[in-house]
Amino acid sequence: MGSRALWVAGVAGALLLIVLTVDATMNRTYTIDVHDGTGWRTVGADDHQSETRAAKPIAYFGPVDASENDTLRMRLTIDNGYPWAASETFTVSYNDRELARGTIEAPGRSQGEAEFTIPAAPFYASMGPSPSKEPASVSAFINVEVDGRYLYASFDLKET
Amino acid sequence: MSAVNTRNVLVLLGIVMSIIGLAYFAIEFFADLSDWGRVLSFLLLGVMYVALGVHFGQSGDPTEVVERSGWRWLRVTNALYILGAICSGGSVIAFFAVDEIPRVVKLAIALGLGLALILYAARRRAPGISDA
């Protein structure tokens with residue numbers, strides 16, 4: 001009985017190593033992109049290191065031309081490292097106000113994307129009237145909740 | 001002859017290192033694993049520690065760290081069983097964090113398994129106890 005218990009412990013230990021190795025090498029990574037009129041720019045990325053840590057904004061690339069009444073084209077992408085398909089609901093919010101909602105899907109070990117649009121008006125509204133005659137510029141930031149994670153993205157908008 | 005059992009001191013040191021490693025795992029790597037990965041990891045850890053406790057308990061060798069009156073409570077088997085219980089509790093907590101299963105189902109499974117274990121163990125006789 002004693003040797004059998006030791007075998008059980010050994011098998012459990014080996015299985016534990018397998019579970020940890022396989023699970024730790026698999027992950028999902030999300031990015032948030034904004035279309036600036038010429039192409040997609042990544043404005044937020046999830047480093048998958050923590051489900052509660054917010055995504056880090058990417059390096060500044062300049063403001064997106066969008067007036068107060070414009071609609072911003074945005075995109076959530078997923079890099080699914082798990083062998084099974086992923087299908088997650090995401091919500092986009094700004095100042096606790098939901099701006100968009102959707103579903104992002106990706107086959108196993110593949111990528112997927114989901115486009116959505118948000119109005120530029122809330123970001124300009126929070127700025128208030130511009131005192132100067134120059135085109136207004138405002139900082140926009142959004143929170144995206146997906147797959148139990150909280151991502152955020154920030155970028156600048158400039159009136160055209 | 002020393003009252004301190006060197007072999008068991010080494011095992012106890014290993015247990016202490018395991019406890020610290022478990023705490024580090026729970027804090028640093030918990031979010032990196034999938035929901036079911038966490039459940040399986042803690043479950044397998046619990047099985048491993050309990051099996052080691054059974055092995056040391058049935059090996060026939062003394063399991064006390066210090067073979068002296070007042071210190072006999074400090075046993076390798078007790079420490080391993082406690083570690084196994086902590087890991088099993090961790091697997092239950094990780095199971096409650098699985099989003100795919102409705103919470104009522106999770107509660108029913110956890111309570112059902114716990115009661116089933118208690119009832120099964122209650123019907124078994126402890127080794128060495130006779131009907132006389």
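Throughout, read-outs are computed from the coordinates displayed, never taken from laboratory work. As the structure is a computational prediction, the values presented were derived from the model and not from experiment. In this analysis, Cβ positions are derived from the backbone assuming ideal geometry, glycine residues included, and neighbour counts consider all displayed protein chains.
Taking the number of Cβ atoms within 10 Å of each Cβ as an exposure proxy, the fewest-first ranking of A:Thr25, A:Thr103, B:Thr77 is A:Thr25, A:Thr103, B:Thr77. Shown is the FRET efficiency for A:Ser67 and A:Glu105, computed with R0 = 51 Å from the Cβ-Cβ distance and rounded to the nearest 0.05: 0.95.
Distances between every pair of Cα atoms in the protein assembly as shown, grouped in 10 Å steps from 0 to the bin holding the largest one, split as 6, 20, 22, 17, 13, 10, 7, 4, 1, 0, 0 percent.
The simple spin-label model puts a point 7 Å past each Cα toward its Cβ; for B:Thr6 and B:Ala23 those points are separated by 2.9 nm.
The slack between B:Trp71 and B:Phe96, meaning 0.36 nm per residue of separation minus the straight C-alpha distance, is 5.2 nm. Return one quarter of the surface area of the convex hull spanned by the alpha-carbon atoms of segment B:15-72, equal to its mean projected area, in nm². Result: a mean projected hull area of 5.1 nm².
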